[in-house]
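In what follows, a structure is listed as structure tokens, so that the remarks can point back to it.
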Amino acid sequence: MSKAAEDPTFAQTVPRAVIFGCAGAVLGEEERAFFRGAQPLGFILFARNCDSPDQVRRLVDDLRACVDTSAAPVLIDQEGGRVARLRPPHWRAAPPAAAFGALARKSPGEAVEAARLNARLCADELLALGITVDCAPVLDLPVPGAHDIIGDRALDADPHVVGLLGRAVCEGFLAGGVLPVLKHIPGHGRAQADSHEKLPVVDAPPSLLESSDFLPFRMLNDMPWAMTAHILYTQFDLVQPATTSPSIIDGVIREWIGFEGLLLSDDISMQALSGSLGERAAAAQAAGCDVVLHCNGEMDEMTAVADAVEPMAPETVARLEDGEAMRDLMPEPLDRERAARRLDALVKAA
């Protein structure tokens, strides 16, 4: 049974369909009052929120104490490499995803082992802090000449290899009691711009996208969560990027890819989206995003988003429950030192 199902308050208090960040390492009184009133589904942490293990555990506990369900998801972007919110000296320096693709070119079996081991170690670190969702793996395919925002965050350029290694990553997370988030669905690797700064436009024909960019997501369409790409795919929608496009969410993500899990928007404060923060949040939810993500912890922005977002729909609650049921609530045994030594040997071999 999932934690959400075990929580007697969950059925009575349907959270608002939003995940918020917070400003710093300690929760302020204004933030506490806001979160109690807004009742978001959950929270996301960044480097600004993470000083030490004890401090992170206290912050996570404080965040959950603000909402009516003790099962509130707490997320983080802990991909490894340059995208890691938890860093030495308190936490392990995990390799970038591309290291596993490099190993796959020599030994696919060892690459799968390494990707799963790395994710299992990461899950062990996160669960010890109370963090239950990791925004990884990145399933985007790097394309020559594209913007380097993805770069070595990608597992490989071969969609079948990405699907193979991506599943190993997901299995490692799930075995450690942490939910993976596929990103950035239906694919960010072809973008010529950084969606943090402006809206990327992809004109590639559907046949090419379906056989390349979209394929790893289709191979992992049974996973519990996915995060949208703020990308304008002109062959599917001339006006709206995927995050706010009903035609892309329905026709590409839900139908062609076949993803049935919880669909989370990418951060709506990114400059790829237009309109006010409230308009962006409402548009993402109306288009079919189950949950809206807002990361920067700015109070004025969070207030506007909370005012615009509705409580989670019944189908969203069901997807959340289905995802929680996939987590191994009694994680498989892990010998951390042995696993770390084996992972280090495999990565060096690449």
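The values are calculated or read from the model by the stated rules, or taken from the named source; none is laboratory data. Computed from a prediction, not measured in an experiment: that's the story for all the values here. Here the Cβ is made from the backbone with ideal geometry for all residues, glycine too, and neighbour counts use every protein chain on show.
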Segment 110-142, residues that are part of a loop (DSSP other than H, G, I, E, B) and not hydroxyl-bearing (Ser, Thr, Tyr):
GLY130, ILE131, CYS135, ALA136, PRO137, LEU139, ASP140, LEU141, PRO142
Note: among VAL83, VAL67, just one is touching a Pro at 6+ places or on another chain (Cβ under 7 Å) and surrounded by 14 or more Cβ atoms within 10 Å (Cβ to Cβ), namely VAL67
Which condition number in (1) in a helix (DSSP H, G or I); (2) crowded, with 17+ Cβ neighbours inside 10 Å is the one that ASP250 fails?
(2)
Among what's in segment 272-296 and is of a type in the set (Gly, Ala, Ser) and assigned to a helix (DSSP H, G or I), pick the residue that is farthest from VAL202 (Cα to Cα).
GLY278
Return only the number of the condition from (1) buried (at least 20 other Cβ atoms within 10 Å of the Cβ); (2) over 22 Å from VAL169 (Cβ atoms); (3) under 18 Å from the mean Cα position of the chain (by Cα); (4) of a type outside the set (Phe, Trp, Tyr) that ASP267 does not satisfy.
(2)
Return the residue satisfying two criteria in turn: it lies in segment 214-242 and is charged (D, E, K, R) and under 24 Å from VAL133 (Cα atoms), and of such residues it is surrounded by the fewest Cβ atoms within 10 Å (Cβ to Cβ).
ASP222
Cβ-Cβ under 6 Å pairs, at least 6 apart or on other chains, segment 55-69 side touching a residue at least 12 places away in the same chain (Cβ under 8 Å), far side among the aliphatic types (A, V, I, L, M) and part of a loop (DSSP other than H, G, I, E, B):
GLN55/ALA25; ASP62/LEU27; ARG64/ALA72
Only one of (1) in contact with a His (Cβ under 7 Å, 6 or more places away or on another chain); (2) charged (D, E, K, R); (3) exposed (fewer than 13 other Cβ atoms within 10 Å of the Cβ) fails for GLU301. Which number is that?
(3)
Take the conditions surrounded by fewer than 23 Cβ atoms within 10 Å (Cβ to Cβ) and at pLDDT 95 or above and apply them to TRP256. Does it pass?
yes
Restricting attention to segment 76-94, does a residue exist that is polar (S, T, N, Q) and either more than 27 Å from VAL161 (Cβ to Cβ) or free of Cβ contacts under 8 Å to residues at least 40 places away in the same chain (or both)?
no
Taking segment 223-272 on its own, how many of its residues are in contact (Cβ under 8 Å) with a residue 12 or more places away in the chain and out of contact with any strand residue (DSSP E or B) (no Cβ under 9 Å at 6 or more places or on another chain)?
9
Residues in segment 206-239 that are touching a helix residue (DSSP H, G or I) at 6+ places or on another chain (Cβ under 7 Å), part of a loop (DSSP other than H, G, I, E, B) and polar (S, T, N, Q) total 2
For a quick check of your reading of the model, give me the residue pairs whose first member lies in segment 41-54 and is exposed (fewer than 14 other Cβ atoms within 10 Å of the Cβ), whose second is among the basic types (Lys, Arg) and at pLDDT 95 or above, with beta-carbon atoms closer than 8 Å and at least 6 apart or on different chains.
ALA47/ARG85; ALA47/ARG87
Are any residues in segment 148-192 part of a loop (DSSP other than H, G, I, E, B), of a type outside the set (Gly, Ala, Ser) and either surrounded by 22 or more Cβ atoms within 10 Å (Cβ to Cβ) or in contact with a Gly (Cβ under 6 Å, 6 or more places away or on another chain) (or both), and if so, which ones?
ILE150, LEU155, ASP156, VAL178, PRO186, HIS188, ARG190
Condition met for HIS196 (assigned to a loop (DSSP other than H, G, I, E, B), at pLDDT below 95, closer than 29 Å to ASP322 by Cα and out of contact with any strand residue (DSSP E or B) (no Cβ under 7 Å at 6 or more places or on another chain)):
no
Taking GLY145 as the residue in question, decide whether it is at positive phi and either surrounded by fewer than 22 Cβ atoms within 10 Å (Cβ to Cβ) or in a loop (DSSP other than H, G, I, E, B) (or both).
yes
